[in-house]
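As structure tokens, the structure follows; a few thoughts come after it.
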Amino acid sequence: MKIKYIIKKDIEQALINIGVKNFCEPCIISSKKIEFGHYQVDNLIKISNISHIDPFNLFNKIYYLIKFKDIYKKITFSPPGFINIFIHSKWLSEKLEKIFFSSRLGVKYASYKKTIVIDYSSPNVAKEMHVGHLRSTIIGDVTTRVLEFLGHNVIRANHIGDWGAQFGILIAYIKYKNLQKKLNKNLISLHEIEEFYCKAKKKYESDKNFKKISKQYVVQLQSGDKNCYSIWKKLVSITMNNNYKLYKKLNVTLNKQHTMGESIYNKMLPNIIKDLKKKKLAVEKNGAIIVFLDKFKNRIGEPMGVLIQKKDKSFLYSTTDIACLKYRYEIFHADRIIYYTDVRQHQHLLQAWIIAKKAKYIPSNLLLEHHEFGMMLSKNKRPFKTRDGNTIKLNTLINESINRALKLIKIKKPNLPKKKLIKLSKIIGISAIKYADLSKNRKTNYIFNWDLMLSFEGNTSPYIQYAYTRIISIIKKSNFHVHKIKEKINLTKNSEIKLAIKILEFEEIILIMEKNGTPHIMCRYLYQLAIYFSNFYETCSILFAKKIKICKSRLKLSFITAKTLKKGLNLLGIKILKKM
Ligand code: ARG
């Protein structure tokens, strides 16, 4: 349901009928206090200035044109210029009845189905995922779920860093230490590979011969040498098998078929360079190939150069991203591409987009969006790191959360059987980390806080999960089959009406997320929904209502609330619990 949209359209139509020209969009907001209705038109004064009709007069004219509609119970005016709108409870109950059986909760499919590529998670090979990858992985995953729910054709693209000079160094080290057999037998862990890389890198810096060999291996790998290729392949598979396990643990929908690493585009790169030179977009300078873009200036105000091929003929991260855009357009016919990386990659992406557009690899109307995000910080507002200053592995962080959840649950429920305890702490621990992250505006940095995220109060996953289980247990206690209740929902108390309106706002929240990729909007919504349910529960008896009819109506309302919480959490990739 898009109540705000319905009101807005009604007001707009009224303004047209009144003869007001060039009016600005009516701004509809949820009212802060019930005496101002459920919704308010917030900018009547502005429209009144445009129309040269004073606010009260304008209100009156609008009022007579829309008052008969069955959505409105009462429409009033507040000086100096606000329209207060009260929604009719009958209208609300009819809408609720409609969504009672629907698994989509009344959310319509997008009228124009788009093909949308979502570039997310994208860790680098030969390294364990660290806390920095959490945001890209889970925020990106929420957007894929929401867009799919709306019926779009979503292509998940895990743009892993699986190509580049680092593989020459690793191959050289593996050969030098005779590790290939062990590697082939899967006896080397990702953790060890990461350590090898650190050692290899040191050797690369200090040992000229090793450096030379490493460089040769890069060339051999690029030209398809079988042995180098098989070592590389193994490194990628060890890394990704680790990551797939982590995705599963995190309830993230990425799997093997979504992995589209940098290496895929490698074959395209020589032609891209040739073509960009031919189109006079790229020029040679001291042996390197550069694209100069007027839009970006360097420190002395000259057009900034984007390096796309080094003197040693190797290609860069930018070159790959230019090719990747071409590929996503030609192969997938993408209408929209969304990138989930942190804010530091913004300029890099903009440059790749401009070059791809200038070269006509992609049309100028292809929607390209960088849904950037800030960093996760520790209590002292510094980047979140281990005591010795290293990055924290994502798996370590998740395990710690599970352990903390386990300790908390043990205190609350000392008699819980071990198997249940472990299952519960996994779900609660992992949800807590995910929710804590998703509930922050992605654009800003945030401070990581164990105590807050595992709390059963406030905007946290335990609170929302608990609200859900509580409703389920109320329904269970009633001994009614809610689905079989024939009586209609009847909303009488204020807290019931408020809850009903909140439930019906679900679609508006989904549509904001479709546009902006902002999971925190959904978190805030679910939190409010849970609070509104609490208020309803406190003010309205459900199981002990005076009449059985009222009890049934309230059970139905509770059921739709639970359904909405469940769908919302599901879109956030957060598991629900039937009991807590
Ligand atoms: N692998 C990169 C990193 O870890 C992120 C890739 C983002 N996607 C892209 N198309 N550049 O920083």
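The values are calculated or read from the model by the stated rules, or taken from the named source; none is laboratory data. Predicted, not measured: the structure shown is a model, and the values here were computed from it. Ideal geometry is used to build each Cβ from the backbone, glycine not excepted, and the neighbour counts take in all protein chains shown.
Would a scan of the range 93-110 turn up a residue that is over 30 Å from P383 (Cβ atoms), surrounded by fewer than 18 Cβ atoms within 10 Å (Cβ to Cβ) and over 30 Å from the mean Cα position of the chain (by Cα)? Among the residues of the range 93-110, at least one is over 30 Å from P383 (Cβ atoms), surrounded by fewer than 18 Cβ atoms within 10 Å (Cβ to Cβ) and over 30 Å from the mean Cα position of the chain (by Cα), which makes the answer yes. The condition (being β-branched (V, I, T), touching a Leu at 6+ places or on another chain (Cβ under 7 Å) and surrounded by 13 or more Cβ atoms within 10 Å (Cβ to Cβ)) is satisfied by just one residue among I193, I273, I264: I193. Against the condition part of a helix (DSSP H, G or I), of a type outside the set (G, A, S) and either in contact (Cβ under 8 Å) with a residue 40 or more places away in the chain or surrounded by fewer than 19 Cβ atoms within 10 Å (Cβ to Cβ) (or both), how does L406 come out, does it pass? Criteria met by L406.
Within the range 439-496, the set of residues being exposed (fewer than 13 other Cβ atoms within 10 Å of the Cβ) and in contact with a Ser or Thr (Cβ under 8 Å, 6 or more places away or on another chain) comprises T492 only.
Return the residues of the range 328-342 that are touching a residue at least 60 places away in the same chain (Cβ under 8 Å) and more than 11 Å from the ligand (Cβ to nearest atom); say none if nothing qualifies.
Quick first cut of the range 328-342, residues touching a residue at least 60 places away in the same chain (Cβ under 8 Å) only: 328, 332-342.
Of everything in the range 328-342, those that are touching a residue at least 60 places away in the same chain (Cβ under 8 Å) and more than 11 Å from the ligand (Cβ to nearest atom) turn out to be F332, H333, A334, D335, R336.
If the condition is being more than 23 Å from V154 (Cα to Cα) and either of a type in the set (S, T, Y) or near the ligand (Cβ under 8 Å from one of its atoms) (or both), then the range 311-327 contributes S314, Y317, S318, T319. Of the helices (runs of 4 or more DSSP H) lying entirely inside the range 258-371, those carrying at least 3 residues that are charged (D, E, K, R) are 269-278, 317-330.
Scanning the range 116-125 for residues that are within 12 Å of the ligand (Cβ to nearest atom), in contact with a Leu (Cβ under 7 Å, 6 or more places away or on another chain) and of a type in the set (A, V, I, L, M) yields one hit, V125. Residues that are in contact (Cβ under 8 Å) with a residue 12 or more places away in the chain, more than 30 Å from E372 (Cβ to Cβ) and not basic (K, R): does the range 145-166 have at least one? No, there is no match, as no residue in the range 145-166 is in contact (Cβ under 8 Å) with a residue 12 or more places away in the chain, more than 30 Å from E372 (Cβ to Cβ) and not basic (K, R). Screening I85, I99 for residues that are outside any strand (DSSP E or B) and aliphatic (A, V, I, L, M) leaves exactly one candidate, I99.
With respect to the conditions (1) touching a residue at least 60 places away in the same chain (Cβ under 8 Å); (2) in contact with a strand residue (DSSP E or B) (Cβ under 6 Å, 6 or more places away or on another chain), M1 lacks only one, and its number is (2). The residues in the range 433-485 that are part of a loop (DSSP other than H, G, I, E, B) and of a type in the set (S, T, N, Q) can be counted, and the count is 9. Figure legend. Inter-residue proximity from the range 301-318: first residues surrounded by fewer than 16 Cβ atoms within 10 Å (Cβ to Cβ), second residues not aliphatic (A, V, I, L, M), beta-carbon distance below 6 Å, spacing 6+ or different chains. Indicated pairs: P303/F292; P303/D294; K311/G287.
Can you tell me which residues in the range 29-60 are crowded, with 17+ Cβ neighbours inside 10 Å, touching a residue at least 40 places away in the same chain (Cβ under 8 Å) and outside any loop (DSSP other than H, G, I, E, B)? Write out each step before concluding.
Kept after step one, since they are crowded, with 17+ Cβ neighbours inside 10 Å, are these residues of the range 29-60: 31, 36-41, 43-44, 47-48, 51, 53, 55, 58-59.
Subset that is touching a residue at least 40 places away in the same chain (Cβ under 8 Å): 31, 36-41, 58.
Result: F36, G37, Y39, Q40, V41, L58.
Scanning the range 157-183 for residues that are outside any helix (DSSP H, G or I) and away from the ligand (no atom under 16 Å from the Cβ) returns K177, N178, L179. Considering the range 370-412, and only residues there that are at pLDDT 95 or above and closer than 18 Å to T341 by Cα, the residue that is nearest to the chain's Cα centre (by Cα) turns out to be H371.
Given the options L349, L421, name the one that is touching a strand residue (DSSP E or B) at 6+ places or on another chain (Cβ under 8 Å) and aliphatic (A, V, I, L, M).
Values: L421 fails: touching a strand residue (DSSP E or B) at 6+ places or on another chain (Cβ under 8 Å).
Matching residue, one of L349, L421: L349.
Of all the criteria given as (1) at pLDDT below 95; (2) more than 12 Å from the ligand (Cβ to nearest atom), the one not satisfied by K280 is (1).
Flag: V131 does not match the condition of being within 16 Å of the ligand (Cβ to nearest atom), under 20 Å from S263 (Cα atoms) and out of contact with any His (no Cβ under 9 Å at 6 or more places or on another chain). Here the range 136-156 is the region considered, the condition is being within 16 Å of the ligand (Cβ to nearest atom) and either more than 14 Å from the chain's Cα centre (by Cα) or acidic (D, E) (or both), and the residue that is farthest from A334 (Cα to Cα) is D141.
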